[in-house]
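The structure appears right after this line, and notes come after that.
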Amino acid sequence: MIPDDFKQTLLARVDIVEVVERHLRLKKAGANFVACCPFHNEKTPSFSVSPSKQFYHCFGCGAHGNAIGFLMEFSGMGYVEAIKELAGGAGLTVPNDRSESHGRPQEPGADLGDVLLRAAQYYKDELKRSERAIAYLKRRGLTGEIAARFQIGYAPDGWQNLESVFPDYRAKALTEAGLVIDNDSGKRYDRFRDRIMFPIVNPRGAVIGFGGRVLDAGEPKYLNSPETPLFEKGRELYGLFQARGALREAGRLLVVEGYMDVVALAQSGVGYAVATLGTATTPTHVQKLLRQTDELVFCFDGDDAGRRAAWRALENSLAQLTDAKRAGFLFLPQGEDPDTYVRAHGKAAFEALIAEAVPLSTFLINELTARADPRTEEGRARLLHLAKPLIEQIGAPALGLMLRRRLAEIGGIGLAELDELFGVKRVKTSRLVGMAQRAAVLTSSEVLLRAVMFKPDYAAAIDRSILDPSDLATPALTGLLDLIEASPNLDARTVAAVALEQFRDTVNAARVNAAATRTLWDESFDVTAEFEGCIGQLRQRYRQRRMDELRQKPSLSAEEQGEYRQLLSQRPGAKMPNSEPVSSV
Ligand code: UTP
Ligand code: MN
């Protein structure tokens, strides 16, 4: 048996959008993501994945579940296998069956996340002790405050320093975490030695890897953690966790190339920068970033390499953009990077550059006209030929239209001709809108189920005695209330996924799913109003029910009389049945 609390931790640690994305191409649709359903044959997407509720649902065939369920259904994995697969990706170790473990306590450091956290703490402590490392950071203009914010550390020189940090230096988790390397003769040594350490954290703040910079000249300048179950370079961005406040305030995210760029920008008050980790910008990066903000600005060096990197970023952004989002490109003067620029010219000058970033559409057209001469027929033909695969990727209908119109102009043809040439079909309106309109009226327990799924805190405010015993959804609701009471750490993001897990293969699971599904299309409903309204109604109905019950009784005990008086006082004008008038009232 895998313990329930482990499943809860697991479901809180994974992101169902990422899990599904590994197998399907998802498109953003409002707060959710959609795709053509992998579980039945269809041409328009009815398969929805909810990041805020951590579950999926197909409006076409009804398939639904949490991340565990998706892997089981999609990959045909067994239950335990699916959990192990997810746990591996999240850096968790599935606790052994009782039968296997013989009550042995779990090996210390079996959790990669713990190992990385402990290493980060060690590097941070070592930074305090190294005057040379501190002097280096100061020379680069960093304050202790910014170093602390990014948890910057120092890996001292020496081959086996981590031996003093971990009780078992031979543990497999250390290799898996990428902290040590075994050489051919089996001798183990620390990967990072005499380097400034930049911990890479995931969006939830957990350390998943490191970048280490040499202090003086040396090769390689930056050494990064290898890819591990926790760390995939093409998915992660340095600084995203630290940027979460500033990006909201600024309403944009800046993508730069280096660790030091992110840190130096933050030091100068530009806190909304993130960096790719020595790789090109991937569609996953863009997707991840556009989930956080409506405006992305890519910032590259002004040289050829910078332009090439920018073009890659453009190519990998096209499919991710919606009409509500925009991307721009900022090219720095030759020889500058964001770190040197902001330190020399300050925040205001840097933000002035951002304000003049080239919109993606302009960059696209400029590059195409540079690659194919629009002054000749052949050049225009080639330009359209180069544009076609790019335009095909654009999912944003208005942006696609603008660009096609512009290309038709440049190409000297009509829009209809261009659309014909590009094989553009008319966009159909989403079926989900129709589904929302057909949403049935909810019972009171369904309303509460849904409210509690939005705000698990509400669970404590529900007096179970007022629930409607004839409502078919009431057992699911009380089951969910039990679950929340027993697991104080459940949050709004995981509560549906955990509940589905808890009630797997029971009728309650179907009820929970039904309630959770409604959260998929109804983003506008006011949880507090709905919750309070429902509780108010239930109280009234309960009061009526209970008073009727008491009135039926031939006589009332003193306690029942008290209760009746209490109920009565909630609405003036009713009389006490079958009991002596109470003189004291
Ligand atoms: P840069 O060489 O532009 O470094 O590499 P930088 O950020 O300006 O660093 P400083 O200012 O000299 O400290 C940009 C990014 O490319 C990756 C790192 O992610 C780095 O931040 N890189 C670079 C490596 O992974 N390995 C390297 O050897 C060099
Ligand atoms: Mn630099």
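Rule-based calculations on the coordinates, nothing more; no lab input. Note that the structure is a prediction, hence the values are computed from the model and not measured. Cβ coordinates were reconstructed from backbone atoms using ideal geometry, including for glycine residues, and neighbour counts include every protein chain displayed.
Dipole of the chain computed with +1 at Lys/Arg Cβ and -1 at Asp/Glu Cβ about the Cα centre; of Ala509, Ala348, Ala90, farthest Cα towards the positive end is Ala348.
Model label points for Thr528 and His385, set 7 angstrom from Cα along the Cα-to-Cβ axis, are 6.2 nm apart. Each of Leu472 and Glu336 was given a label point 7 Å from its Cα along the Cα-to-Cβ line. The distance between the two points is 6.7 nm.
What is the local net charge at Ser130, summed over the other residues whose Cβ is closer than 13 Å to its Cβ (Lys, Arg +1; Asp, Glu -1)? That sum, taken over residues with Cβ under 13 Å, equals +2. Angle between the Cα long axis of helix 79-90 and the longest principal axis of the chain, 0 to 90 degrees, nearest 10? On a 0 to 90 degree scale, this one is about 50.
Seen from Ala63, the other residues with C-beta closer than 13 Å to its C-beta sum to a net charge of -2, counting Lys and Arg as +1 and Asp and Glu as -1. Residues Ile152, Ile16, arranged from fewest to most other Cβ atoms within 10 angstrom of their Cβ, appear as Ile152, Ile16.
With Cα atoms as the point set, the chain shows a radius of gyration and Dmax of 29.6, 105 Å. Count Lys and Arg as plus one, Asp and Glu as minus one, and take only other residues whose Cβ is under 12 Å from that of Ala381; the net charge is then 0. Available extension along the chain between Ala280 and Tyr169 is 36.5 nm, counting 0.36 nm per residue and deducting the alpha carbon span. Positive-end ranking of Gln54, Ser75, Val34 along the dipole of region 4-101, with charges on Cβ about the Cα centre, is headed by Val34. Classified by the C-alpha gyration tensor, region 444-537 has a rounded form. Its axis ratio a/c, with a ≥ b ≥ c, is below 1.5.
Each residue, Ser487 and Gln544, gets one label point 7 Å from its Cα in the Cβ direction; the gap between the two is 3.7 nm. Here region 301-371 and region 1-70 have alpha carbon centers that stand 34 Å from each other. Here the chain is treated with +1 on each Lys and Arg Cβ and -1 on each Asp and Glu Cβ, and its dipole about the Cα centre works out to around 920 debye. What trypsin sites (Lys or Arg not before Pro) does region 361-404 have in DSSP loop regions with at most 13 other beta carbons within 10 Å? Filter output for region 361-404: Arg375. Applying both filters, DSSP loop and at most 16 other Cβ atoms within 10 Å, to the chymotrypsin sites (Phe, Trp or Tyr not before Pro) of region 25-56 gives Phe39.
Each of Phe329, Ala275, Val495 was scored by the projection of its Cα onto the charge dipole of the chain, and the greatest displacement toward the positive side belongs to Phe329; charges sit on the C-beta of Lys, Arg, Asp and Glu.
Ranked by the mean number of other Cβ atoms within 10 Å of their residues, highest first, the peptides 197-210, 453-466 fall in the order 197-210, 453-466. Counting only alpha carbon atoms, the long axis of helix 507-521 and the longest principal axis of the chain meet at about 50°. With 0.36 nm allotted per residue and the present C-alpha distance subtracted, the Ile181-Gln160 stretch has 6.5 nm of extension available.
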